[in-house]
Ligand code: ADP
Ligand code: ASP
Ligand code: MG
């Protein structure tokens, strides 16, 4: 078999951890498989590099930022390869560019456009263990690019897809995908199998255990994806097609996203075209607007509220102040989005009512709501985010 293994930040967090990753890789090789390893930077390293850049500039040049950030993954890929060679296994470390990963030029969140799989294949054919620096690629102008935070997951899935690997294993610091973040709720249960669609919702709604674009790519390319713990031998979670899953629970899990900010505009003139103007302006500036609510108008004016990722708030403020849509603008960083996800919701009623009652019983005010066929999201005060997660987890009996 051809197996792609990705090791996240804590899994390569220090030199000792890199040694144990080397042993695990060797074990897989000894079982007779071809192995491509994708590594993250040591945990905390990417944040440290960002803070270095911010020491000099509030708004660092993104091209240079990418060159800087990509270095974290290069360090771990080279170290792992050196360790493997020392243990008697022929191995080569590759940067994103050397691995043939071409991206567009949206620095700091580039999209993979093409992978020249012959680069990795040539080394595999020579019996080598190939270690690729995750999170990075290069543009047609030969600049180094990075794939957005958590992007090593995407590197691994894209490489597995391009090489038609039999399996893509994502090694992290928990046993797999849980009904909610096990760091928030101790009774969270590991899920054995989850569909691509549910996992995509989960990841997009804040379960950072897998980067959402990696799940999207896995679905598109039909990659056999498993998340596992690099600290033990436990079986992980398989992410697969919905048809492979026999029994779908109504609610599969609860996610929390604290990286949300809310914008409120009061006294907006209530006439056609205002919302169009605001939201097209935000869209052309690549701002991801999530939830939107508009009140019923009174006296020819109305109130409009929406959420954006917290790290896009500064840019949003700038755009909104130029738009002059309302003189009364309010910004709030202290909000969180709590969501429940489940494919089974499609065919069951009363799921939303349970969520609203649960939060009401905890005296948590729901400030915004949005729903789709398989999820319900609610904006709450950030300080009640974790409480809301625990209450919902228990209301849907997910720990049982
Ligand atoms: P890595 O560095 O290996 O990429 P991450 O920190 O990106 O690891 O992701 C793993 C973390 O995701 C876990 O430590 C856990 O706290 C968090 N997490 C959030 N939601 C979930 C969930 N539903 N299931 C498992 N882990 C989750
Ligand atoms: N090191 C990068 C980050 O922290 C990429 C990754 O770990 O997946 O975002
Ligand atoms: Mg991650």
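The values are calculated or read from the model by the stated rules, or taken from the named source; none is laboratory data. Quick caveat, the model's predicted, so the values are computed rather than measured. Every residue, glycine among them, receives a Cβ derived from its backbone with ideal geometry; neighbour counts consider all protein chains shown.
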All but one of (1) within 16 Å of ligand 3 (Cβ to nearest atom); (2) assigned to a helix (DSSP H, G or I); (3) touching a residue at least 40 places away in the same chain (Cβ under 8 Å) hold for residue 80; which doesn't? (1)
Inter-residue pairs, beta-carbon under 6 Å, first on the phi > 0 side of the Ramachandran plot and in the stretch 158-187, second in a loop (DSSP other than H, G, I, E, B) and surrounded by 20 or more Cβ atoms within 10 Å (Cβ to Cβ), 6+ apart: 176/236
Residue 303 meets each of (1) within 22 Å of residue 179 (Cα to Cα); (2) in contact (Cβ under 8 Å) with a residue 12 or more places away in the chain with one exception, condition (1)
If I go through the stretch 188-213 residue by residue, how many of them are under 13 Å from residue 339 (Cβ atoms), within 16 Å of ligand 2 (Cβ to nearest atom) and in contact (Cβ under 8 Å) with a residue 60 or more places away in the chain? 1
Within the stretch 260-291, tally of residues that are surrounded by 15 or more Cβ atoms within 10 Å (Cβ to Cβ) and either under 26 Å from the mean Cα position of the chain (by Cα) or closer than 14 Å to residue 330 by Cβ (or both): 16
Considering only residues that are crowded, with 17+ Cβ neighbours inside 10 Å and over 30 Å from residue 246 (Cβ atoms), which ones fall in the stretch 330-371? 332, 335, 336, 337, 359, 364, 367, 368
Matching option when the condition is closer than 24 Å to residue 161 by Cβ and more than 16 Å from ligand 1 (Cβ to nearest atom), among 19, 81: 81
Quick check: anything in the stretch 113-134 within 16 Å of ligand 3 (Cβ to nearest atom) and surrounded by fewer than 19 Cβ atoms within 10 Å (Cβ to Cβ)? no
From 386, 314, residue being under 30 Å from residue 108 (Cβ atoms) and either assigned to a strand (DSSP E or B) or free of Cβ contacts under 8 Å to residues at least 60 places away in the same chain (or both): 314
Please count how many residues of the stretch 331-383 are closer than 19 Å to residue 207 by Cα, assigned to a loop (DSSP other than H, G, I, E, B) and out of contact with any helix residue (DSSP H, G or I) (no Cβ under 9 Å at 6 or more places or on another chain). 0
Can you name the residue in the stretch 186-197 that is within 11 Å of ligand 1 (Cβ to nearest atom) and in contact with a helix residue (DSSP H, G or I) (Cβ under 8 Å, 6 or more places away or on another chain) and is also farthest from residue 255 (Cα to Cα) among such residues? 194
Tally the residues that are surrounded by fewer than 21 Cβ atoms within 10 Å (Cβ to Cβ), more than 16 Å from ligand 2 (Cβ to nearest atom) and touching a residue at least 24 places away in the same chain (Cβ under 8 Å), restricting the search to the stretch 4-22. 3
Looking across the stretch 32-64 at residues that are over 23 Å from residue 11 (Cβ atoms) and not in a helix (DSSP H, G or I), the single one that is farthest from ligand 3 (Cβ to nearest atom) is 32
Take the residues of the stretch 139-167 that are within 16 Å of ligand 1 (Cβ to nearest atom) and either modelled with pLDDT under 95 or part of a loop (DSSP other than H, G, I, E, B) (or both): which is surrounded by the most Cβ atoms within 10 Å (Cβ to Cβ)? 147
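Kindly establish whether residue 183 is modelled with pLDDT of 95 or more and more than 8 Å from ligand 1 (Cβ to nearest atom).
Numbers: modelled with pLDDT of 95 or more: yes; more than 8 Å from ligand 1 (Cβ to nearest atom): no.
Considered against the rule, which asks whether it is modelled with pLDDT of 95 or more and more than 8 Å from ligand 1 (Cβ to nearest atom), residue 183 comes out as no.
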Counting just the residues of the stretch 385-400 that are out of contact with any strand residue (DSSP E or B) (no Cβ under 8 Å at 6 or more places or on another chain) and either at negative phi or crowded, with 21+ Cβ neighbours inside 10 Å (or both), which one comes out modelled with the lowest pLDDT? 400
Of the conditions (1) more than 10 Å from ligand 1 (Cβ to nearest atom); (2) part of a strand (DSSP E or B), the single one that residue 171 does not satisfy is (1)
So the check is Cβ under 9 Å with 6+ separation or different chains; which pairs have a first residue in the stretch 249-263 that's free of Cβ contacts under 8 Å to residues at least 60 places away in the same chain and a second one that's in a strand (DSSP E or B)? 259/309; 259/336; 259/337
Is at least one residue of the stretch 226-247 part of a helix (DSSP H, G or I) and out of contact with any helix residue (DSSP H, G or I) (no Cβ under 8 Å at 6 or more places or on another chain)? yes
